[in-house]
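First comes the structure, then the notes that go with it.
The values are calculated or read from the model by the stated rules, or taken from the named source; none is laboratory data. Computed from a predicted structure; not experimentally measured. Reconstructed Cβ throughout: ideal geometry from the backbone, glycine too, with neighbour counts over all protein chains shown.
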Amino acid sequence: MENKIKSTDKMKKIMKKYYLTAKYAKYFGKKVAWITSGGPVEPLIAMGIIPVYPENHGAMIGASKIGAKLSEYAESLGYSSDICSYVKVDITSSITRQSPIGGLPKPDMLICCNNICGTVQKWYEIQSRKFNVPLFIYDTPFCHVDLDDSAKKYLKAQTKEYISFLESVTKKKLDYDKMQEVGKLSLKAMQKWQAVLDSAINKPSPMTAFDAFIHLALIVTLRGKKVVVDYYETLLKELNDRAKNKIGAVENEKYRLLWDNLPIWYKMRWLSNAFKKHDGALVADTYTQSWCGVVDYVDEERFLETMGEAYARVYLNIGTDKMADSVLKLIDKYSIDGVVLHSNRSCKPYSFGQYDIARIIQKKGIPTLFIEADMTDERKFAQAQVENRIDSFMEVLSQIKG
Amino acid sequence: MQELMKTIDSILENPYTYLENLSRSKPIMGYSCTYAPVELIYASGYHPARIIGLANNVSLSDVYLQSYACAVVRTLLEDSLLKKLDFLSAFLFLHTCDSMQRLSDIFRINLNFKQFDLILPVKFSSQTSKDYFLDILNDFKSKLEQDQNIKIGIDSLNKAIQTYNDLKANLLKLYNIKSNNPEALSYSDLSKIVRVSFIMDPVEFINISSQIINKIPQNQYQSSKRLLIIGSICNHSVLFETIENKNAHIVWDDLCTGTRFFDELTQIGDNPLQSIADRFIKRPICPTKHINPQYRLDYLKRKIDEYKINGVIFLFIKFCEPHAFDYPDQKNLLEKIGIPSIMVEIENHNIFDEQTRTRLETFIEMLGE
Ligand code: SF4
Ligand code: SF4
């Protein structure tokens, strides 16, 4: 996060404008849909519906260090301390309007895609009851080993079902030409995002995973809009310049690390420094790759037909051994020396299986470090303990690598 | 009756021994939850057995699963790692919660079971998901046919459906007896009968449960403390005894080790797979499935009216998310309609502590006479 990337300010402006438009959607005669972060957003964009992402909002709440407070409030309503904190902070902020942006605009509909977890189904059911708005579930069968034909057929059928749902809520027809255009832009955004992440192949890396966590906001929230493609082009140019001039995100980059699982939003700067102290740079991560990892499954000319299968193949919807394969690929691609696994109390689908992934990585001679935490709830973070673990891990790395 | 219960007790004390013996005459397919199409498995020549882990101490699992995984997945894994499940010829995982889903991966990567995964739809409401349900049952049927080297015909499927309908009908009869005449049998016994039905050869079970039905005294008695339990898996006989010793009666439940397993029978007809899929959609759904956002609340309300419930006990396994998400709205609904409730969280599904006992006793006393 040091050696600040200049484009960031521009992104902040785009995000600000986006949230303002979403907040005043009604004034513009627009409908608002809440959608899960990995959900098929393109049809919404094509229909002029404004997508809003409670998870992105949860990340903002986490980063502003009020996650624990908001979680506690939800717990006082009866929500268990063991459930995903994104749900808890969302429930609280939808009641109390507490958040860096004063809460999210009310939804006209909810779109839930379970390609990330089963949690979102329960979460969106709760909010659908609360706001009394229709809920569409885009059900992506889990892909332990591969997707079978029945699943592929189901996904295709649901895309049609999804569009009819949107048409009935908005009482408008989908413009298929517009849809095609949005699909292309979405694909392009994914490719650009991949290029941004790939700039970290350079040594030293011009960006870190912490930068990626921040710049992720656009691909998540505005995928399918031209502004995303343009922004990532600008960012890419800056990163390429930095690479050319050997400007590293971490000044004396010596050890290249990979991060697994969601970020710990309230500890980003601290963590970045804790690694930097040892000349460690987190140059890649599994989380931000999720928004470009399936790019090859999307056919630009047949976006709607291929969209479902691509969405069903995202990182969190595949078997643990397949996840490990992706990690191994990233290790190679980004010349990784060690892997840091965030065992995340909130996110069971991301965290269970990590022990196996770690074993598979270790077999390739790559050391691993586990950090126990939660992405928004500061109560689950023991700083002194984490610091000790990082210190000893970096020492091990230095012995291996010299 | 006591004799029959003794037989059941002895099987439940050591279900794996029972299954091991059975495995000498028939291959056994273990399965993880009540969404297993037992009729289809049975028709393929396997004996379907629902496996609920038994281990009280979990240690080997720690190498594979974090401590914040629920006791159900941890004990299931522990028993497998302890090689206690080696009598199984195959294991079937059903797509339910996130934890079960990852457990399936952990099994596939680390254990040597012949493994099947049935990736159920999450929503049961739309035509697309109903079609998908039928498709995956068909796929599963083909896999079983290949595996067992047989053809599963309509007749043999209907025969299996009839067998399981008889089994389920007996369970339903017992629940109805309990609800009409709460003193006729204890919930602790009732729950054991349900759990033994997961394990036993179905024909043998139908025989023993029919005998029990005939032996139950039918004297009428009305209880004013009629309770409903909600949760996932519960095999706490001590807990049930604590409740019923206090002159309260558990007259119905919404549990995977209860009505969710047997409610609704499967139609016999020309398209048995369709009937199986239809039944899953009609039976009470568990919180990992979706029909509409109000479903679980409406269901609760309906059961309270239908069974004249005076109090509700939520019995949750620690770290079980699907149930935990439903709870606050369910609790609010109960408050609104004036039904007292209590939530009990169990860390390990075989252990029940003193503090929980006291809370439960106080709750029941509070319900009045
Ligand atoms: S953090 Fe994990 S459990 Fe929570 S919404 Fe995201 S993917 Fe689901
Ligand atoms: S008890 Fe809950 S979390 Fe555990 S396997 Fe069952 S549904 Fe999943």
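If you take the residues of segment A:246-269 that are more than 18 Å from A:VAL196 (Cα to Cα) and basic (Lys, Arg), which of them is surrounded by the most Cβ atoms within 10 Å (Cβ to Cβ)?
A:LYS267
Among the helices (runs of 4 or more DSSP H) contained in segment A:18-85, which hold 3 or more residues that are surrounded by fewer than 18 Cβ atoms within 10 Å (Cβ to Cβ) and within 16 Å of ligand 2 (Cβ to nearest atom)?
In segment A:18-85, no matching helices (runs of 4 or more DSSP H) lie anywhere.
Evaluate the following for B:ASN170: is it surrounded by fewer than 19 Cβ atoms within 10 Å (Cβ to Cβ), away from chain A (no Cβ under 14 Å) and either out of contact with any strand residue (DSSP E or B) (no Cβ under 8 Å at 6 or more places or on another chain) or at pLDDT 95 or above (or both)?
no
Quick check on segment B:19-38. Is at least one of its residues away from ligand 2 (no atom under 16 Å from the Cβ), in contact with a Pro (Cβ under 6 Å, 6 or more places away or on another chain), assigned to a helix (DSSP H, G or I) and farther than 30 Å from A:SER80 by Cα?
yes
Of all the residues that make up segment A:58-91, how many are among the polar types (S, T, N, Q), within 12 Å of chain B (Cβ to nearest Cβ) and more than 14 Å from ligand 1 (Cβ to nearest atom)?
Number satisfying all stated conditions: 2.
Mind checking which residues of segment A:354-390 are assigned to a helix (DSSP H, G or I), farther than 20 Å from B:ASN110 by Cα and either within 16 Å of ligand 2 (Cβ to nearest atom) or not basic (Lys, Arg) (or both)?
Answer for segment A:354-390, where residues must be assigned to a helix (DSSP H, G or I), farther than 20 Å from B:ASN110 by Cα and either within 16 Å of ligand 2 (Cβ to nearest atom) or not basic (Lys, Arg) (or both): A:GLU378, A:GLN383, A:ALA384, A:GLN385, A:VAL386, A:GLU387, A:ASN388, A:ILE390.
Tell me, which residue of segment B:304-331 that is within 11 Å of ligand 2 (Cβ to nearest atom) and part of a loop (DSSP other than H, G, I, E, B) is surrounded by the most Cβ atoms within 10 Å (Cβ to Cβ)?
Among those residues, the one meeting the criterion is B:CYS320.
Tell me yes or no: at least one residue of segment B:44-54 is within 14 Å of chain A (Cβ to nearest Cβ) and modelled with pLDDT of 95 or more.
no
Regarding B:LEU297, is this residue surrounded by fewer than 21 Cβ atoms within 10 Å (Cβ to Cβ) and within 13 Å of chain A (Cβ to nearest Cβ)?
yes
Of everything in segment A:260-319, what is acidic (Asp, Glu) and within 16 Å of ligand 1 (Cβ to nearest atom)? Give them in sequence order.
Once the filter is applied, which keeps residues that are acidic (Asp, Glu) and within 16 Å of ligand 1 (Cβ to nearest atom), segment A:260-319 yields A:ASP260, A:ASP285.
Just one of (1) farther than 25 Å from B:PRO27 by Cβ; (2) more than 14 Å from every other protein chain (Cβ to nearest Cβ); (3) touching a Pro at 6+ places or on another chain (Cβ under 9 Å) trips up B:VAL122, so point out which.
(2)
Among the residues of segment A:316-331, what is the count of those that are surrounded by fewer than 21 Cβ atoms within 10 Å (Cβ to Cβ) and of a type outside the set (A, V, I, L, M, F, W, C)?
Count: 5.
Give me the residue from segment B:72-102 that is surrounded by fewer than 21 Cβ atoms within 10 Å (Cβ to Cβ) and either facing chain A (nearest Cβ under 9 Å) or among the small types (Gly, Ala, Ser) (or both) and, out of that set, nearest to A:PRO141 (Cα to Cα).
B:ALA90
Quick one: A:SER7 ticks every box in (1) under 26 Å from A:MET307 (Cβ atoms); (2) touching a Leu at 6+ places or on another chain (Cβ under 7 Å); (3) modelled with pLDDT under 95 except a single one, so which number is it?
(1)
Residues being hydroxyl-bearing (Ser, Thr, Tyr), more than 9 Å from chain B (Cβ to nearest Cβ) and free of Cβ contacts under 8 Å to residues at least 24 places away in the same chain: count how many of those fall in segment A:123-164.
1
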